[in-house]
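Where a number appears in this text, it was derived from the coordinates with a stated rule and is not lab data. What you see is a predicted model, and the numbers here were worked out from it, not measured in a lab. Ideal geometry is used to build each Cβ from the backbone, glycine not excepted, and the neighbour counts take in all protein chains shown.
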Amino acid sequence: MALIVGGSTNPFGIVEFDSWRKTSAMSATSSGDFLTNNLERCDSAGFDKIGTGMSESSGVFTFPSTGYWLLTFNASYYSNNQGDRQWGKSEIHTTVDDSTYVQASQGIENCSVNDDSCSCITQFLFDVTNVSTHKVKFRVRSEDTWYVSGSTSINDTHMDFAKLGAT
């Protein structure tokens, strides 16, 4: 049986889904940098969030409802110095007290010496029991000369939020 959401049929049974992206490039350091600005909800042709959607302020994302949320973070890296072998990391940081963030998940990608770009994906299933205290933010890390890409027209470096069920 398909779930009806907002007047359309949702064959997946997902009651909330949203996608956000980085709109401009930024450098990434080995100590790590949180995505705090130049973020937007995906507005590519054919995309529409399911449900209320996430809210964001200075890179901190707030959930619209409690439940089990699958968080996916894809960081796309590039270098102006092809031939440098570098690593890139994508990290998901969560809080359950609206204050202390802990690294919940990370993906690591070793970027090839023959390529000037790579992507790094990580996921985390977050049990959001209180929308006032349970929040998430995203951090990137890389070696010396790598950058995190961004775009206003495609999901390059982006974050997806899918509510899979009630908590």
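A few notes on this one:
- In order along segment 48-54, the phi-based Karplus estimate (6.51 cos²θ - 1.76 cosθ + 1.60, θ = phi - 60°) of 3J(HN,Hα) comes to 8, 5, 9, x, 6, x, 7 Hz; Gly and Pro are listed as x.
- J(HN,Hα) series, segment 120-126, from Karplus relation 6.51 cos²θ - 1.76 cosθ + 1.60, nearest Hz, glycine and proline x: 9, 10, 9, 9, 8, 9, 10
- Approximate spin-label separation residue 70-residue 102, in nm, with each point projected 7 Å along Cα-to-Cβ: 2.4
- Beta bridge orientation in the chain: antiparallel %, DSSP, nearest 5: 100
- Relative contact order, whole percent, for the chain stands at 36, derived from Cα pairs under 8 Å and 6 or more residues apart.
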